Every structure is written in C-alpha cells, then in structure tokens.
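To start, the structure under review is shown below, and the notes come after it.
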Amino acid sequence: MTTYRTDDASLEAAVADMTVTAPSALAPNVLVEVGLADRIARLDTVIGPLYVAWNGRGVSGVESADFAASHAARTGRPVFPADALPDRLARAIDRRLAGDRRVRIDLDLRGHSEFEQDVWRKALDIPRGEVRPYGWIAAEIGRPKAVRAVGTALGHNPVPLIVPCHRVVRTDGTIGQYSLGGPENKRTILAAEGLDPDAMEAAAKRGERLIGCASTNIVCWPTCWTGRHMLSKNRRPFRSLAEASAAGYRPCKVCRPVSGAVAA
Amino acid sequence: MERGGVPLRHATVAPRRVFYEVMDTDGRLAADLARDLDASFEALVIAHQDRLFSIALRMLGDRGAAEEAAQDAFVRAYKALATYDRDRIRELRLRPWLATIVLNLCRTRVARLAARGAAPLSFDLEASPLPEPVATDAASIPAAVMERRAERERWAALLACLPPAYRAAVVLRHVDGLSYPELATALGRPEGTVKAQVHRGLAMLRTAIESSDRLERQEMTA
C-alpha cells in the first residue's frame, strides 16, 4: 500500500503551495474601477468615429482622435486601451445622443473648476433640437456678466456630445466654434438633431433673436419646443426681450429668454 | 499512473520570512495610504493582489469568480479607505483587514449561487469540482512539475469542498499564511476557535485526499 503523503508537514506545505499569481488584468481593472486609471475605446457617431475615455466614476473624456497620451498627461492617470465601451455605457450614450435626457451618464470631471462644471451641467439642460446663446447659460448659473468665460468653459468641455456644448451658439445667433473638430461638425450635429443651421443663421441675420406668439403673448428662443407649434400667422419675431416686453409679451417659463442675448 | 510518485517535497513549512517583510511593508503602506490614498493605492493592489486572488480562488474554486471577488474586494477597500480618517488608516492592519473583505465577498457569492440553485459547495467527493486547468505553456515545463501542479490543483479542489468555516480557516492560515491572532481578527472568532478550525479543517482535507486516492485506485482496478 502506498504511503499517502498526508502527514501534517506535507499537507501544510501543499496547502501553502496553493498560492497563485493574480491574473494580469486584475490590477488595471481595480484601478479603472476606483477612478485611478482610465480606459479608452472607439465609438461611432453621426460625426464619425469618436474616442471615449472612462473609469468607474464616469466618462472622463471624448475626442475625435485617439487622445490616450494627452488624456494621461492631463489627468495624471494611466490610460489603457479597450476594444469597446462597456455595453451599458455605449447604450446610454446612444440613447442620450438620440435625445433621451432621462439616461444617466456619470461624468468624471475631477480637476475642473466649479465654474466650468456649473456651465457644463447647465448645458445638459438644453434639449436635443434646441439651442441657447452663451448669455443664457451665464444668466442661468447666476453669472450674467461671465458670457465670455462661459464660452471659454464650453471650449474646454472634456466630454463634448455628452455635455452638449454644440447646443450653445453665439449671442448674435451664428453657430460659433466647436471643440470637437471645428464648426462644420457643430452644424452636422445640430442638423442630425433636427435643426437647420443655415436657416437659423439667416433668421438671426434678419434680427430675429426671439419669437413671440400673438395668441398667447409669450416670447421664446426660436428653437424652444413650446413655441414650435404656433401657427405661422401668430409668429412675431423680436430683436430683443425689451422689444417683446414693450409689445406686451412675457418670457416663456420653459426656455427662459434673457435680455443679455442682445447686449453683445 | 503512479500516485504518490510525485513527492510534495517542499515539505517543511518555512518559517515565513516573507510574512515579516510583508508586515514591514504593510506598516509603511498604511502610512503612505494615510498620507495620500490615491497616490499609494496602486502599491496596495500590487502588494496584495496575489494573496487576495489566492484566497478567493481557494474559497470559490473558480478563477473567474475569484478574479471578480478579488477585484470587488479592492474596490471596497478603496471606498472604505476614502471615508477613514488618517489615524484610522495608519493603524489599519492591512493583511487581516483585506482578508476579511475578500472572505466576506466570497461568502456572499457562494450564498448567491446557492440561492440561485447552483450546485452547493459541499463536502462531497463524488461531486468534487474538476481541477483547474494548468494554464501555462505545457511544453516548457518538466513533467514532474506539471504533475505536481496537477496534484496541487486536485487537492485544492478537495479543499474547496470543505465546509466554509473550516475552508476559510485553512485557507487564511496555510494558503495565505496569516498568524493565529490575525486569523482571529479576520474571522472575528476567538483564537482558540480558529486554531481548532484549522486543525479540524486539515484533518478533513486529509480524509478527503485519502478517500479520493482510494476511489481513484478502485476505479483503475475495476
């Protein structure tokens, strides 16, 4: 009969030998999950391929080219390439880009100022298919004079498309600059959201900054959805809120037009 | 096949010098974590990933589940550390603390599997899980080493069949090398109890190995 090597010493030694090496993916997965490292993957959208960076805290970056190196330099975190976005995140981004504002997409905006984050959060309130001028954001976040700073903050938006800075236009009604590959992309995205950028600019050029409804005496931003169904015989364009007020119109409570829009 | 022909001969349980080094490193690590959690957390993961994964693997018997449990354990540890004040982190005994976290996750995982009606992990030789595939470039490894590994994994599978309380005690004491006081802390039981559980657990494992060997021999002669 064979001797079983199950005496205490060999047994303990054998059990001690059951230590194994952790899979190489373990440490990166942990670091990404707690937000000490990011992953980056490609996502296809209306304006072509985009690169999305994320970690366990949320989406941390969106750019039109692979920005792994610059993202790592900016955040000070390692960036690991991934084959694709996690299903849930990809679906959430798809739904958000399709205009569903109920989808929650967590954002990781550590390292940015409170002011910038206020601006980006406010931009998230603009519905798909509508635009607002920079001055509107400035007024809404309680910094009516910081119009230029709002523009700068939007230009630094690390997560364009998800924070829809493309829905913020210049005070004179022209489409304006866009950080994600230039103004042409901004027009493409707005068109994909159901707007007509050329018509919008033409109307602004004619001085139509606000649209009033003669049957309700309410004045709105031209793209406000509440004003979109008015009969054309009731449409009253205005150059400014002051002009509309003088004509007996009150500002829409949904889109909240401001007078700052005509100041610049 | 000649069982027993593969001596498990690294026999003597080496007085764990590694263990004392880890103690030192852990003290420094805890101080670093207290000073700057984000800057030092990676070092914690690197220093403890093999042992947390080993504990989880030997508790759960499945690599995928073990990887998830170890990952969750680190994430929990990070979230907990983020809420602790500096003094509390500095005084933390990382080894038993992390062991407790991963062990609890393994427990809930097993409970969840059982609730879902999956095969319960029980002390049942007939239904013992298959040994882990030895995933390395087989050609470059001497046959003796290969065989020893296969043997080790067979024993590990038997270990995974011990009742959870005994399995945890054996895994923490002998796979992970915790001291009895640490073990008592990690398991939240008196030292005498955990000592008894380790011994009883090893005895059960021995019985399991012996009957498994006997079973195998019977099958070969049958």
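Every number here is computed from the coordinates shown, using simple stated rules; none is lab data. Keep in mind that what you see is a predicted model, and the values were worked out from it rather than measured. A quick note on method: Cβ atoms are made from the backbone with ideal geometry, for glycine too, and the neighbour counts reach across all protein chains shown.
Key figures
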read-out: 10 °C / 1.306 mPa s Stokes-Einstein diffusion coefficient of the protein assembly as shown, Kirkwood radius on C-alpha pairs, µm²/s; value: 58 µm²/s
read-out: Residues in region A:133-175 that a label on A:Arg121 would reach, taking backbone N under 14 Å of a point 7 Å out along Cα→Cβ; value: A:140-143
read-out: Ranking of A:Lys253, A:Lys186 by count of other Cβ atoms within 10 Å, fewest first; value: A:Lys253, A:Lys186
read-out: Value of [θ]222 nm, deg cm²/dmol, for chain A, DSSP H segments ≥ 4, -39500 (n - 2.57) each, nearest 500; value: -9500 deg cm²/dmol
read-out: Efficiency of FRET between B:Arg28 and B:Tyr180 - r from beta-carbon atoms, R0 30 angstrom, step 0.05; value: 0.80
read-out: Where only C-alpha atoms are counted, convex hull volume of region A:127-170 per residue in Å³; value: 66 Å³
read-out: Quarter of Cα convex hull surface for region A:132-197, i.e. mean projection, nm²; value: 4.2 nm²
read-out: Least to most buried among A:Asp87, A:Asp66, B:Asp26 (fewest other Cβ within 10 Å first); value: A:Asp87, A:Asp66, B:Asp26
read-out: Karplus-derived HN-Hα couplings along region A:66-74 (A = 6.51, B = -1.76, C = 1.60, θ = phi - 60°), whole Hz, x at Gly and Pro; value: 5, 10, 3, 5, 5, 5, 4, 5, 6
read-out: Extent along principal axes [Cα atoms of region B:34-74; Å; largest to smallest]; value: 37, 14, 12
read-out: Cα-centred dipole magnitude for chain A, charges only on beta-carbon of K, R (+1) and D, E (-1), debye, nearest 20; value: 1920 debye
read-out: Candidates A:Val159, A:Val254, A:Val168, ranked by Gaussian network fluctuation over chain A, Cα under 10 Å, top entry; value: A:Val254
read-out: Pairwise label distance in nanometres, A:Arg91 with A:Asp7, each label 7 Å out on the Cα-Cβ vector; value: 6.0 nm
read-out: Descending semi-axes in whole angstrom, ellipsoid equivalent of region B:22-100, from the Cα gyration tensor; value: 23, 12, 10
read-out: Dipole of the protein assembly as shown [Lys/Arg +1, Asp/Glu -1 at C-beta], most positive-end residue of A:Val30, A:Gly142, B:Thr221; value: A:Gly142
read-out: Within a Gaussian network of chain A (alpha carbon springs, distance under 10 Å), most fluctuating of A:Ser24, A:Ser60, A:Ser232; value: A:Ser24
read-out: For A:Phe238, distant residues with modelled amide H under 5 Å away; value: A:Arg209, A:Leu210, A:Ile211, A:Gly212
read-out: Solution diffusion estimate, µm²/s, Stokes-Einstein, region A:163-264, Kirkwood Rh from C-alpha pairs, 10 °C, viscosity 1.306 mPa s; value: 112 µm²/s
read-out: Using distinct alpha-carbon pairs, which all enter the 1/r mean, Kirkwood radius of chain A in Å; value: 21.1 Å
read-out: Electrostatic dipole magnitude of the protein assembly as shown [Cβ: Lys, Arg +1; Asp, Glu -1; Cα centre; debye, to 20]; value: 2300 debye
read-out: Rule-of-thumb Rg ratio for region B:69-111 [Cα; 2.2 N^0.38 Å; N residues]; value: 1.20
read-out: Over region B:157-222 - Rg/Rh using Cα atoms and the Kirkwood inverse-distance radius; value: 1.14
read-out: At 0.890 mPa s and 25 °C, Stokes diffusion of region A:57-197 via Kirkwood alpha-carbon radius, µm² per second; value: 156 µm²/s
read-out: Note, ³J(HN,Hα) from phi for region B:211-216, Karplus 6.51, -1.76, 1.60, rounded to Hz, x at Gly and Pro; value: 6, 5, 4, 4, 4, 5
read-out: Extended-chain gain in nm, criterion 0.36 nm per residue less alpha-carbon gap, B:Thr207 and B:Arg93; value: 37.6 nm
read-out: Cβ-placed point charges (K, R +1; D, E -1), dipole of region A:206-251 about Cα centre in debye, nearest 20; value: 100 debye
read-out: Cysteines not pairable in chain A (beta carbon separation under 4.7 Å absent); value: A:Cys165, A:Cys213
read-out: Approximate spin-label separation B:Met146-A:Ser113, in nm, with each point projected 7 Å along Cα-to-Cβ; value: 6.6 nm
read-out: Residue (of B:Leu113, B:Ile141, A:Pro183) at the positive-pole extreme of the protein assembly as shown, dipole from beta-carbon charges; value: A:Pro183
read-out: Region A:1-88 - Rg (one decimal) and Dmax (whole number), Cα, Å; value: 21.9, 76
